[in-house]
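Only one structure is covered here, and it is reproduced in the block below.
The values are calculated or read from the model by the stated rules, or taken from the named source; none is laboratory data. Note that the structure is a prediction, hence the values are computed from the model and not measured. Quick reminder, even Gly has a Cβ in these numbers, built from the backbone with ideal geometry, and neighbours come from all protein chains shown. To get the accessible areas, we keep the full protein, side chains included, count just its heavy atoms, and leave off ligands, DNA and RNA. Shrake-Rupley method; radii C 1.70, N 1.55, O 1.52, S 1.80 Å.
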Amino acid sequence: MTSELSEEQLRALLATARAASASAKLANIVGRRIADVLKAPSSSQSMIAAAEWLVSPAWCLALLGGVGNGKSVAAGWLARAELERGGSVCWIRATEASTASLYGPEAAERSKRARTSDLLVVDDLGAELASAPWASWLSDVLDARYANLDRAVLTSNLDAAAFKERVGPRLADRIREGKVVGTSSVSMRQRGGN
């Protein structure tokens, strides 16, 4: 006996499979802590901004502000949404990437992923050791994404003025063409949130 699935049932089955696959990939990309928090995220300025950006045409979302107010969780939520729709995500922790080699096959692959993924997330920009090679690499990657209107999310504990100083006026101006959101300075961890 064979049973045929209706088109609606097949779509639902595919959506369930895509979501399960996305959840498995998400923990590898963003880490277990953020993946666990995303099972029941709390509402925050960052989450609201992420939801608005998701349906907007803006190429970039910069979430700026104090520690612990959900910027990385909101970026993780956007990464999950991209994976669930079948897209690719490149998640870069600025503190790790700034000390990685910029030469050789691994560096070339990292640059290619950063330039070509459907969504690029640079987490904790400004917490890294500032260096001219890192700043040049980041500027080059974000310029390429800007030129093609490829989506990018940046999180930073810096305020708007310090962020502009860190990325430089030219790149800050391009990022501003997207959506820049300053978030609360009160940690959600202190309030008992995510």
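Considering the conditions (1) assigned to a helix (DSSP H, G or I); (2) within 18 Å of GLY65 (Cα to Cα), ARG174 is excluded by exactly one of them, (2). The condition (being hydroxyl-bearing (Ser, Thr, Tyr), buried (at least 17 other Cβ atoms within 10 Å of the Cβ) and farther than 28 Å from VAL55 by Cβ) is satisfied by just one residue among SER131, SER111, SER98: SER98.
Touching a strand residue (DSSP E or B) at 6+ places or on another chain (Cβ under 8 Å), under 14 Å from ALA97 (Cβ atoms) and modelled with pLDDT of 95 or more: does that describe VAL121? So VAL121 passes the test. Beta carbons closer than 7 Å, at least 6 apart along the sequence or on distinct chains, pair a first residue in the range 88-104 that is closer than 12 Å to TRP137 by Cα and at pLDDT 80 or above with a second that is among the β-branched types (Val, Ile, Thr) and open to solvent by less than 50 Å² (accessible area, probe 1.4 Å) for ALA94/VAL122. Taking the range 49-71 as the range and being within 23 Å of ALA172 (Cβ to Cβ) and in a helix (DSSP H, G or I) as the test, the residues that pass are ALA49, ALA50, GLU52, TRP53, LEU54, LYS71.
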